[in-house]
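The values are calculated or read from the model by the stated rules, or taken from the named source; none is laboratory data. Since we're looking at a predicted model, the values are computed, not measured. Here Cβ is always computed from backbone atoms with ideal geometry, including for glycine, and neighbour counts include all displayed protein chains. With ligands, DNA and RNA removed, areas are computed over all heavy atoms of the protein, side chains included. Shrake-Rupley method; radii C 1.70, N 1.55, O 1.52, S 1.80 Å.
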Amino acid sequence: MKKKSDATTAFPDRESIVAFVKAQPGEAGTRELARHFGLKNRSRAALRRILRELADEGIIEKRGKKIAEPKSLPPTIIADITGRDSDGELIASPAEWLEETDGPAPLIRIHVPRRPQPGTVAGIGDRALLRVEKPDSKHDKAYRGRVIKLLDKAAHRVLGIFRALPNGDGRLIPIDKKQVGRELAIAAAYANGAQDGDLVSVELMRSRGYGLPSGKVKERLGSLKTEKAVSMIAIHAHEIPQEFPADVIAESEAAKPAALAGREDWRNVPLVTIDPPDAKDHDDAVHAEPDSDPHNKGGYIVNVAIADVAFYVRPQSPLDREAVKRGNSVYFPDRVVPMLPERISNDLCSLKPGEPRGALAVRMVIDKDGRKRSHTFHRVLMRSAAKLHYAQAQAAIDGRPDDTTGLLLDPILKPLYDAYALVKQARDERDPLDLDLPERKILLKPDGTVDRVVTPERLDAHRLIEEFMILANVAAAETLEKKALPLIYRVHDEPTVEKVHNLREFLKTLDMPFSATGALRPSVFNRILVQVKGRDAESLVNEVVLRSQAQAEYSAENYGHFGLNLRRYAHFTSPIRRYADLIVHRALIRALGLGEGALPDTETFETLSEVAAAISLTERRAMKAERETADRLIAHFLADRIGATFDGRISGVTRAGLFVKLTGTGADGLIPVRTLGSEYYNYDEARHALIGSRSGAMHRLGDVVQVRLVEAAPVAGALRFELLSEGSIAPRGGRIRDSRKTKPHAGGKTRPGRDKKDGKKKSRKPSGSKARKPKKG
């Protein structure tokens, strides 16, 4: 970047200075700022004055001669309660904080309500899950915290697989990727009856002398002699509740089917469910018909009926307490850990064809342009007309009906697709973030091992259900806001200033202008994606745009859904598997006077904020457990292919090395930076690349590569690769010249070669831009 003189460059405003500091964490100083903005000596006094003001306001902080953004705490953290302040208030500090890199740990003052909830009374030495708020003034730098849940103190325990030795002793194979190769010795006297292949919890013992660290088995968690039980590792590692307590089972078994009393009779409305072929619970059904109202010519009536879970799961009941503890169902390739017992989830609340079921339904009036004109909610008794799967419904519309869909095609399916065509127009005008990558699905053999990995085709049937669910979710949020009732929103914040700045700097390396003036909208990012459509850089840009987005979460405070480009949004359509949806159902019942199971008056903004924070954590826990289980299954699948060569794409770049996602299986593995060659590799954050200090050889996010599998650790789900592809040449500035070619080379050394085009890859929606299953909004 060429320097600009003071005569041609305006003095930077505070926002630009802060953005640069955020984009150069720990590396920006007065000299770097002046160089970046082209400031001469006479302007540096003004720059230092602004930096002092920003530091006084707590927006930046000095670390030696460098300037950095003060590390802020997320809304929900795990913290250790360390003592009391002079006023007697409990104080805490984050459980995971590196002072060497992050500076002094921030202080958290614990607010104790007059009537604390059971299980939230904390004391010195406890570890707790906290909901924290930023300091409300520049004079008081302490955060305010509220205990959501007390946690066990950090125990020096390790989970792993016990491997028996001939002499009676054993070895622990850790399940954590970070611990691969670090086995523990288990003496026979400390094996606690563990058998070969058992998943065990081991307490670390004080080591003396040389040799492996040692430990003692504290708990046997189950046998993992077959891959069929591999999901048990993640279940125990993340402490996901698996067994339902006796009182919860008893309550679910005693539940009776919903009757017509207090409900509208919708049993003659031909609602149908459209789900994945292997779905066991069917919580939503849809129906559409042309609107007969002469004032809405060309419009449609769309009905969405959702299982009435609130009728069975009452506030503060055993079922309710267990549901909020779990937060959501967790889906593994070999099993489902449900939020609710099967009597509720797969029976009474599952909208089975031909059987009467209670439902909370929304009737939406759509105009000829696809916009929702009005909506009303109803508590109904319905009877599903048919259970369809996505490909089955799509085949019927495409002219290939079967015995079931042939009878449904004209009266039910065609009106649904006609209504969807209208809704799609409005969706396209709304212009939500258009990142789309169909999820890979692992198919198992009867013995639980991997058969193959497939990428299901994304059909209009998927999009139809998704858009109708989004409409219903918006209707729920609008109704509750109008009634001024507290609720839990599904929110997705816009990208931070720092991430937008990083994206702009990255796009400069591709000679792509990025203008984000005024309010940030998804359309700004969509324009970038349109520019690279069909180009070599398409996959790379999609990946970087995806990484610039925030993570969706639940919140009692509404700040909109950036990815969907919606001002208000709540999850309403999946109460069988998400606790947030159950809260919204209860709130609607209360707001509209629809009968039993309403949200209690004791539920306030504050209490729902705590629930939202807790279920946001259980959602992330589920996502991590599902991802780790997929990694372990794929590692088992590839374990006998050591030395084989695979095609893939660089999916992540860190100082430690390159992460590669294999084509086909989607398996992820690491290429350690030390194996790239004899020269030193610099990490270029702006380019998302590792660049050789001598050769300039560059390995970049999104690059198509060929790798050799060197090591597989199935228990940890870890793969290690050797890079066989050569890198591109990193220019001093301007556009990047792609000069890769693929050929084996000794020791992983990098040698520049001739041009080779990048592959193409679709991108993903940001986390939370739609619901957990492909069908949900």
**Asked** In segment 344-359, what residues are touching a Phe, Trp or Tyr at 6+ places or on another chain (Cβ under 7 Å) and either of a type in the set (Phe, Trp, Tyr) or not in a loop (DSSP other than H, G, I, E, B) (or both)?
**Response** Ile344, Leu348, Gly358
**Prompt:** So is Asp601 within 30 Å of Ser252 (Cβ to Cβ), surrounded by fewer than 19 Cβ atoms within 10 Å (Cβ to Cβ) and either at pLDDT below 95 or in contact with a Pro (Cβ under 8 Å, 6 or more places away or on another chain) (or both) or not?
**Reply:** yes
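For every residue, the table says whether it meets (1) under 24 Å from Asp451 (Cβ atoms); (2) open to solvent by less than 30 Å² (accessible area, probe 1.4 Å); (3) over 24 Å from the mean Cα position of the chain (by Cα).
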{"position": "Thr665", "(1), (2), (3)": "yes, no, no"}
{"position": "Gly669", "(1), (2), (3)": "yes, yes, no"}
{"position": "His688", "(1), (2), (3)": "no, no, no"}
{"position": "Arg708", "(1), (2), (3)": "no, no, yes"}
{"position": "Ala718", "(1), (2), (3)": "yes, yes, no"}
**Item:** Enumeration of residues in segment 674-690 that are in contact with a Lys or Arg (Cβ under 9 Å, 6 or more places away or on another chain) and assigned to a loop (DSSP other than H, G, I, E, B)
**Value:** Leu676, Gly677, Ser678, Glu679, Tyr680, Ala686, Arg687, His688
**Message:** For segment 527-542, give me the residue count where each residue is among the aliphatic types (A, V, I, L, M) and farther than 21 Å from Pro432 by Cβ.
**Reply:** 2
**Asked** If you take the residues of segment 276-291 that are over 17 Å from Ala361 (Cβ atoms) and modelled with pLDDT under 95, which of them is surrounded by the fewest Cβ atoms within 10 Å (Cβ to Cβ)?
**Response** Asp278
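Of everything in segment 513-532, what is open to solvent by less than 10 Å² (accessible area, probe 1.4 Å) and without any contact (Cβ under 8 Å) to a residue 60 or more places away in the chain? Give them in sequence order. Let's see the steps before the verdict.
Keep residues of segment 513-532 that are open to solvent by less than 10 Å² (accessible area, probe 1.4 Å), which gives 522, 525, 528, 532.
Selection gives Ile528, Val532.
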**Residue under evaluation Leu510, criteria (1) open to solvent by 10 Å² or more (accessible area, probe 1.4 Å); (2) within 30 Å of Asp284 (Cα to Cα), criterion not met** = (2)
**Prompt:** Residue check: is Lys624 in contact with a His (Cβ under 8 Å, 6 or more places away or on another chain), surrounded by fewer than 21 Cβ atoms within 10 Å (Cβ to Cβ) and of a type in the set (D, E, K, R)?
**Reply:** yes
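Among residues belonging to segment 514-555 that are small (Gly, Ala, Ser) and modelled with pLDDT of 80 or more, point out the one that is nearest to Ala614 (Cα to Cα).
The first filter runs over segment 514-555 and keeps only residues small (Gly, Ala, Ser), leaving 515-516, 518-519, 523, 534, 537, 539, 548, 550, 552, 555.
If we keep only those that are modelled with pLDDT of 80 or more as well, we get 523, 534, 548, 550, 552, 555.
Working: Ser523: 32, Gly534: 42, Ser548: 25, Ala550: 19, Ala552: 14, Ser555: 10 Å.
That would be Ser555.
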**Request:** Could you list, in sequence order, all residues of segment 247-265 that are farther than 17 Å from Pro341 by Cα, in contact (Cβ under 8 Å) with a residue 24 or more places away in the chain and surrounded by fewer than 17 Cβ atoms within 10 Å (Cβ to Cβ)?
**Result:** Ala259, Leu260, Gly262, Glu264, Asp265
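Of Ser43, Ser16, which residue is in a helix (DSSP H, G or I) and at pLDDT 80 or above? Spell out how you get there, then give the answer.
Numbers: Ser43 fails: at pLDDT 80 or above.
On inspection, the qualifying residue turns out to be Ser16.
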**Request:** Six or more apart or on different chains, Cβ under 8 Å: which pairs go from a residue in segment 110-126 that's open to solvent by less than 50 Å² (accessible area, probe 1.4 Å) to one that's in a loop (DSSP other than H, G, I, E, B) and at pLDDT below 70? Could you list them?
**Result:** Gly125/Lys153; Asp126/Lys153
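Output the residues belonging to segment 127-150 that are at pLDDT below 75 and either open to solvent by less than 60 Å² (accessible area, probe 1.4 Å) or among the polar types (S, T, N, Q) (or both).
Narrowing segment 127-150 to residues at pLDDT below 75: 135-141.
Passing the criteria: Pro135, Ser137, Asp140.
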**Asked** Any residue at all in segment 67-77 that is at pLDDT below 75, in contact with a strand residue (DSSP E or B) (Cβ under 8 Å, 6 or more places away or on another chain), assigned to a strand (DSSP E or B) and surrounded by fewer than 12 Cβ atoms within 10 Å (Cβ to Cβ)?
**Response** no
**Item:** Residue pairs meeting the criteria (Cβ under 8 Å; at least 6 apart or on separate chains; first at positive phi and hydroxyl-bearing (Ser, Thr, Tyr), in segment 163-174; second at pLDDT 90 or above and open to solvent by 40 Å² or more (accessible area, probe 1.4 Å))
**Value:** none
**Request:** For segment 414-437, state whether one or more residues are more than 30 Å from Val545 (Cα to Cα), open to solvent by 60 Å² or more (accessible area, probe 1.4 Å) and not β-branched (Val, Ile, Thr).
**Result:** yes
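Give me a count of the residues in segment 565-583 that are assigned to a loop (DSSP other than H, G, I, E, B) and open to solvent by less than 10 Å² (accessible area, probe 1.4 Å).
First, the residues of segment 565-583 that are assigned to a loop (DSSP other than H, G, I, E, B): 565, 567-577.
Cutting the leftovers down to open to solvent by less than 10 Å² (accessible area, probe 1.4 Å) gives us 569-577.
Result for segment 565-583: 9.
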